[in-house]
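Reading through the structure tokens given below for one structure.
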Amino acid sequence: MASGRRPWGALLLLPLLLPAACRAGGGCAGEGGPLEPFDALYASGVEAFYGGDFAGAARCLERALRSRRELRAARLRCRRRCRGQVRLAAPGPGAGGDLSFFGSVLRRAGCVRSCEEPLLGAASRHRAAEEVRADFQRRVPYSYLQRAYIQLNKLEEAANAAHTFFMANPEHMEIQQDIENYKTTAGKVSLIDREAKQHMEDYSAGVRHYDREEYKLAIDFLERALKGYYSEDEDCQIMCEGPQRFEEHEYLEYKAGLYEAIADHYMQVLACKHDCVRELATRSGRISPIENFLPLHYDYLQFAYYRVGDYIKALECAKSYLLFHPDDEDVLENAAYYKGLLEGTMDPDTIKPRKEAKMLLRRHKLESHLLHVAAAGLGYSYTEPNYWNRYGARQDEHSVPSSISSEPEDGPRLSVAKKPMTKPDRELKEGGPLLYSDVKFVYNSQQLNGTQRVLLDNVISEDQCRELHRVASGIMLAGDGYRGKTSPHTPNEQFEGATVLKALKYGYEGRVPLKSARLFYDISEKARRIVESYFMLNSTLYFSYTHLVCRTALSGQQERRNDLSHPIHADNCLLDPEANECWKEPPAYTFRDYSALLYVNADFEGGEFIFTEMDAKTVTASIKPKCGRMVSFSSGGENPHGVKAVTKGQRCAVALWFTLDPLYRELERIQADEVIAMLDQEHLGPSEMNINPKDEL
């Protein structure tokens, strides 16, 4: 089944605040009155799920999803109504001239409150914790719903929940198998994405029809997508007028003057509105937008209208596209071609770009100007993204004619700017010396069906594995390295971890043998030297993060399990399997360059390390962990990887991430180096392991 982490933290406190009707055993029957908070309903559903009340879980989770939708709809309705009823007055001259403006602000605020409170209750009831909002963004409730509906034998509902979850979590490769199982068991299933954005669905359908050269259908869907886009843009602008977070100030202690406070809040609202362009171009549950999304509508339409013989609309859409990219040579030539087709029948200069495109772009430029003014004069930090990146374009085989012709085969084409392939900033090499005579080479990149990969054995000995496993039991804490989450990737396993600095600290305090704690430090340094040498790096490889981690299969939760211990991902970019892209942007650790995993034991079931293609489904190599085995690879999108479920026992490994940028050196490693230097000075004894290369190969 699809995995979904159990939301802890603030969520665990919510059941204490719930009405009895929403607690496990009570169901979610009570309705009427102000809208129930979606986070409370979600907590109740999760509690019911883990209590085995699957019918109650399904009811509460469905109500949570509905409550969240109704909350947004109510806020939109009230804010839109009050915009129309209470217009903001312009400030007048002289003393008291601002009273008319602030009076209208107060009246609009009162209008919104009087509209929302009967529907929603007090505003504080609907301020969900950030962790809960993130769960809904990632569609985690649908993971619980899927498994609840399976238990209730509602396979069609389970299939739709699984599909909805998968659309935002494509790295969960096992979910597709779940969906195939539903199809086999329940017969023909029409999968529905319950959180789909309609304008995005219409755009995708329009592009599909365009690719099939079904131009009339392409026009219908793309025009519908544009109408939906501008409607969603208005909604996005309105929703940005809600509460904002003061990143630099605690609100209750905020001491800024009137205009500074207004500017602080308004700049956050404005930044939110300015980013609606990105929000509307981003598929549900994803992080990175479709590049050049809005202009592409006009690019497709200009050619589609040409192919159906509507040259006026073709010119109109070409001119609309040129608002965003006035120097696009392909579309400039297309526009000139359309003008030639219209000459003699009408004046082509009377054809103007579409008003809604002009208005949006004018507003967007003004927003950008104000944000830069604030950044310069008020001390805000702001960097303008490239919202209309021309690399987002589709290619076809149509070419621009060298002379005016009425033959369709010689007609215009789409803008053909291609996104350049990312070039590595260094020459990629491998096959350098392994430095230690006891280390055994197993497979290189070619044998592992990839790029910058290596598999080695005997990196550490059986005795060292046992010693490290023993020290792990004395220093590891559940959730260490995962922000306290004991089951960060799957609810079916518990994760424990420890850093090098923590091991040395425990060793110095006598809580574990100092020699054993020092062993952790020494073997990680040995691994770093091997990786640096094998990949023939011409600059120093620094530690970025070092973590001894064990994952343990939880008893009673392994039956029929087919999720992953760690979903498919890349280490320095955000994997987008649907787009076959890996976006090198936060929150990814973009500074990581190489990764390594050094295994400590083999007495467990499952837990194979796997490489996949960028689709996160096609496995290119599978590696069974054992004592002393190490797999290392470059950290980018060329090496998507994950871990199969650990179904019995405990799997332990030293996970290492490296960077070539000294600015991102691991702080704890630097501190550990200082501890080691102090221990050596005090002659408190290094481990018996000599980390200097013994017999360089």
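The values are calculated or read from the model by the stated rules, or taken from the named source; none is laboratory data. Source: prediction; values computed, not measured. Backbone-built Cβ (ideal geometry, glycine too); neighbour counts: all protein chains shown. The protein model used for the area step is the full one, side chains on, heavy atoms only, and it has no ligands, DNA or RNA in it. Shrake-Rupley method; radii C 1.70, N 1.55, O 1.52, S 1.80 Å.
On the principal axes of its Cα set, how long, how wide and how thick is the range 437-576? Give whole Å, largest value first.
Result for the range 437-576: principal-axis Cα extents of 45, 44, 28 Å.
Ordering 75, 81, 113 from largest to smallest accessible area (1.4 angstrom probe), what's the sequence?
The residues order as 113, 81, 75, largest area first.
At each listed q (0.16, 0.19 Å⁻¹), what is the log10 of I(q)/I(0) that the Debye formula gives for the range 567-689 modelled as equal alpha-carbon point scatterers?
With no solvent term, the Cα-only Debye profile gives -0.90, -1.09.
Anything over 19 Å Cα to Cα? Flag those among 197/355; 319/355; 617/644; 440/626, in the order listed.
197/355
For the range 489-533, state which GluC sites (Glu not before Pro) are in a DSSP loop and have at most 15 other beta carbons lying within 10 Å of their beta carbon.
509
List the extent of the Cα atoms of the range 46-114 along each of their three principal axes, largest first, rounded to whole Å.
Taking max minus min along each principal axis of the Cα atoms, the range 46-114 gives 69, 19, 14 Å.
Using a 1.4 Å probe and ignoring any ligands, DNA or RNA, find the accessible area of residue 388 and quote it in Å² to the nearest 10.
Only protein atoms counted, so the area is about 40 Å².
Using the scaling law 2.2 N^0.38 Å as the reference, what is the normalised Cα Rg of the range 458-680?
0.99
Which three numbers, in whole Å and largest first, are the semi-axes of the equivalent ellipsoid of the range 572-642 derived from its Cα gyration tensor as √(5λ)?
Gyration-tensor ellipsoid for the range 572-642: 24, 15, 9 Å.
Return the Rg/Rh ratio of the range 617-658 with Cα-based radii and a Kirkwood Rh.
Numbers: Rg = 11.8 Å, Rh = 12.5 Å.
So for the range 617-658, dividing Rg by the Kirkwood Rh gives 0.94.
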